[in-house]
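Below you'll find the structure, written out as structure tokens, and then a few comments.
The values are calculated or read from the model by the stated rules, or taken from the named source; none is laboratory data. Since the model is a prediction, treat every value here as computed from it, not as a measurement. Methodologically, a virtual Cβ is constructed for each residue, glycine included, from the backbone with ideal geometry; neighbour enumeration extends over all protein chains shown. Note: areas computed on protein heavy atoms with side chains; ligands, DNA, RNA excluded. Shrake-Rupley method; radii C 1.70, N 1.55, O 1.52, S 1.80 Å.
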Amino acid sequence: MHPAPVVIVTGASGGIGEATARYFAARGWAVVLAARSADKLARIASAIDAAGGTALAVPVDVTVPEARARLVDSTIGTFGRIDALVNNAGLGMSGTIATMSLDDLDYVFRVNVLAPIALMQAVVPQMRLQGGGVVVNVSSISEAIPVPYMGGYGASKAALGYMNNAAAVELHRDRIAVVKVLPGLTTSDFDSNLLESGTGLSLEQLLAKADFVRAMPSERVAAAIWDAVRTRKHRRILTLTDRLFVFFARHTPGLIHALLQVAAERYVRPDGEPSDASIVGDVNRAGLALGALLAFGAILASGLHRWLRERP
């Protein structure tokens, strides 16, 4: 049995997956790199080995049952254990609900939901045998926020999040932690692998309109995944902005729904193409009003805090 802990990382040929594999390897873990691109995996594995780490590249398509079995068998055969599984492989999808292809939606669910669950099922027996482990499902804040024109992708992440939560309860007695990390916009290969189905604004078009939005580096998500494995904390949302989005989506769904309706009608034409309205211009014009609103909120919160502290 390998002396170092062992992690399987899917979608490891770039972006979050590659950053996660390198992050764990740098901290003494043996990493098993899984993705479809054999050449990219070999390059990353060689770099990890050259830096003094331990890496095993296993080219697989996670939607294929035989490939998933080979991935788990290769890991156990080489290292004798599986301490963590990072289900990172995923596929984006854009398009309206009314026009998206159901075949495309079926494939996105196979990649984003069924494959992670199947891999979890495959590693659980080994984790039970060795006395525990951690499964990390890389979801998205879109599981909690209804993002127009990305409904198929968001629905797949919501399904993964629900299954994650149920599995976390079921496997707790086996000392297997099932946790999820919900990144927001990240510098990765997501947009280049986006499946455009039907009509509707693509992610690239949306971000081009909102060029003030900045993506977090993949390494920040990798650090959050590392922390999730180390602390076994049930859920990780990375930024304050994302936490606020999720909070308001949960507690004020009517407001969020109304705002998204206004935004969709202002920034997207009926044919699904971008309108001439500028998000940046609107944000700049709203800046003064927003600042005043935030200042009023801060004063109100300060007064409430003082009242709660001083009341008998």
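Structure values in brief
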item	result
Inter-label distance for Phe247 and Asp39, nm, one decimal - labels placed 7 Å from Cα along Cα-to-Cβ	4.7 nm
Alpha-carbon spread of segment 34-187, three principal axes, descending order, Å	48, 40, 28
Given charges at Cβ of Lys, Arg, Asp, Glu: segment 6-142 dipole, positive-most of Val123, Ala55, Phe109	Ala55
Interchain or long-range residues, amide H under 5 Å from Thr54's placed H	Val31
Interatomic Cα distance distribution for segment 127-171, bins of 5 angstrom, percent	5, 21, 24, 17, 13, 9, 6, 3, 1
Relative compactness, segment 12-91, computed as alpha-carbon Rg over 2.2 N^0.38 Å	1.00
Rounded accessible area of Trp29 (nearest 10 Å², 1.4 Å probe)	40 Å²
Among 161-172, 52-63, 14-25, 136-147, the order from most to least packed when residues are scored by Cβ within 10 Å on average	14-25, 136-147, 52-63, 161-172
